[in-house]
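Here's the structure, in structure tokens; my notes come after.
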Amino acid sequence: MGREAPFKPYRIKVVEPVTLLSAAERRERLDAAGHNVFNLHSSDVYVDLLTDSGTGALSQEQWAAMMRGDESYAGSRSYQRFRAAVDDIFGFRYVLPTHQGRAAENVLFSASIRPGHIVPSNMHFDTTRANILANGGRPVDCVIAEAYDARSEHPFKGNMDVAKLEQVLEDAGPTRVPFVMITVTNNSGGGQPVSIENVRAVSQVAHARGLPLFIDACRYAENAFFIREREPGYSDVAPIEIAREMFSLADGMTMSAKKDGLANIGGVLALNDAALYERVRERLILMEGFTSYGGLAGRDLDCIAVGLYEALDLAYLADRIGETRALGSGLKARGVPILEPIGGHAVYIDAARILPGFPQERFPALAVTNALYLEGGVRAVEIGSVMFAHPDESGRTVYPKLELVRLAIPRRVYMRDHFDAVCEAAERVCAARDHLAGYRIVEGTGPLRHFTARFEPLANP
């Protein structure tokens, strides 16, 4: 009493039962899944931190809004409410709903990327990278060097290296870059934020060359929170105003509304260019559905319209980031190395520091991911050589600079006891590090192999 303390800005109304399988049952399930946690059933998992995409709990206002869902094929009232929210927050001229973020990427990229094109970003995530490659383009990461130092305390490790961006654009020439992208927050690099100053600098570089800037906006609200907390001049600015300023610097956006739309499904593609809109509109009708529903039910559009605002609520954001920091601090207290500073939607265990000298071709982050499930029924996701290793032009395998295990926290779902169980399991994994075996792939290829690949364990050398 008498001190300021974090508080939960909600209380629980509905509960979902979960179980913790025995250690023998977990090993049996992982063997059957080909040692890939994506292949596990949700009933095999105790604490599911595989992703924060579409896994959150809906609010009473969202459930109420869904009852107003207008399921008309064209011009529904639900679309009008969705459109009003998107216009108010993001401010682009043309708006198209999609069924999720990778669909927005597919619609945009298939209408604008041609073989030989280069698409620079701070760091492309898996489906963005794969969609660019699928359309004949080449994704190029231009994030600042600090992003690759897991111990660096740089406040905006998601920032684009502007000098590197300029060099990439200079080398590519005037016709090979359809647009520049920037992801807020930077998922591949630890959920790290991007500053307004950096977005402005990137915007200026792109516009000086006549190139549009697109923002991957799936965690825009969390990024706004970090700007408010860390960037000079924004400590008293409301998150919604920070978001508006950030998007005013761009020419378009793709977004998975399954993150900071607080919805279980949905996405957004928005832009300002009329000619490009004509092309993407045709692609959307072909791939997703009519322009006023984009593969979604009307109730989903209403859910997103409410969730976009709820994600910008300061009390919600303080609780959201507070949960992530509590999990990260708990891991650090138990000697588990993590990427710092602690990011927005997830805590990233630094598998390379748990397994120093472990060959990347044996997938150290996968070894830690699987051990975490075996120790505590915790499902995380590998963000390392399984996800990002790729052949270069000569066929030589290029390995990523980071080997991470992402613990992505669903919104408004888990409690302190769940996070304590995660920390305890991770501590046991670290204690058993000398006994962790590597893996080899026995099934699965391509830039999205991590979703479906199967592995077999190797003998511990």
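The values are calculated or read from the model by the stated rules, or taken from the named source; none is laboratory data. All values derive from a computational prediction rather than experimental measurement. Every residue, glycine as well, gets a Cβ built from its backbone with ideal geometry; the counts of neighbours run over all protein chains shown. Please note that ligands, DNA and RNA were not included when accessible areas were found on the heavy atoms of the full protein model with its side chains. Shrake-Rupley method; radii C 1.70, N 1.55, O 1.52, S 1.80 Å.
Structure notes:
- Helices (runs of 4 or more DSSP H) completely within the range 333-390 that count 1 or more residues being under 17 Å from ALA33 (Cα atoms): 364-376, 385-388
- Leading residue by the ranking (surrounded by the most Cβ atoms within 10 Å (Cβ to Cβ)) among those in the range 16-39 that are of a type in the set (A, V, I, L, M, F, W, C), out of contact with any Leu (no Cβ under 7 Å at 6 or more places or on another chain) and more than 20 Å from CYS423 (Cα to Cα): PHE38
- For first residues located in the range 60-75 and free of Cβ contacts under 8 Å to residues at least 60 places away in the same chain and within 21 Å of THR291 (Cβ to Cβ), partners that are in a helix (DSSP H, G or I) and open to solvent by less than 100 Å² (accessible area, probe 1.4 Å) and lie 6+ apart or on another chain with Cβ distances below 8 Å do not occur.
- Flag for LYS13 being open to solvent by 60 Å² or more (accessible area, probe 1.4 Å), in a loop (DSSP other than H, G, I, E, B), without any contact (Cβ under 8 Å) to a residue 60 or more places away in the chain and within 28 Å of GLY328 (Cα to Cα): yes
- Test: residue in the range 98-115 that is buried (at least 19 other Cβ atoms within 10 Å of the Cβ) and of a type in the set (Lys, Arg): yes
- Selection from the range 88-98 of residues that are farther than 16 Å from ARG281 by Cβ and not small (Gly, Ala, Ser): ASP88, ILE89, PHE90
- Some residue of the range 181-193 being on the phi > 0 side of the Ramachandran plot, open to solvent by less than 10 Å² (accessible area, probe 1.4 Å) and either touching a Ser or Thr at 6+ places or on another chain (Cβ under 9 Å) or among the hydroxyl-bearing types (Ser, Thr, Tyr) (or both): yes
- Candidates are the residues of the range 75-119 that are touching a Phe, Trp or Tyr at 6+ places or on another chain (Cβ under 9 Å) and in a strand (DSSP E or B); the one that is nearest to VAL140 (Cα to Cα) is VAL119.
- Residue match in the range 434-448 (condition: basic (Lys, Arg) and either out of contact with any helix residue (DSSP H, G or I) (no Cβ under 9 Å at 6 or more places or on another chain) or open to solvent by less than 80 Å² (accessible area, probe 1.4 Å) (or both)): no
- Residue identified as of a type in the set (S, T, N, Q) and in contact with an Asp or Glu (Cβ under 8 Å, 6 or more places away or on another chain) among THR397, THR445: THR397
- Residue count for the range 287-346, restricted to those that are more than 22 Å from the chain's Cα centre (by Cα), open to solvent by 30 Å² or more (accessible area, probe 1.4 Å), aliphatic (A, V, I, L, M) and within 19 Å of LEU269 (Cα to Cα): 1
- So GLU166, is it outside any strand (DSSP E or B), open to solvent by 50 Å² or more (accessible area, probe 1.4 Å), under 26 Å from THR51 (Cβ atoms) and free of Cβ contacts under 8 Å to residues at least 40 places away in the same chain: no
- Per the listing ARG412, ARG396, the residue uniquely open to solvent by 20 Å² or more (accessible area, probe 1.4 Å), farther than 21 Å from PHE38 by Cα and out of contact with any Phe, Trp or Tyr (no Cβ under 8 Å at 6 or more places or on another chain) is ARG396.
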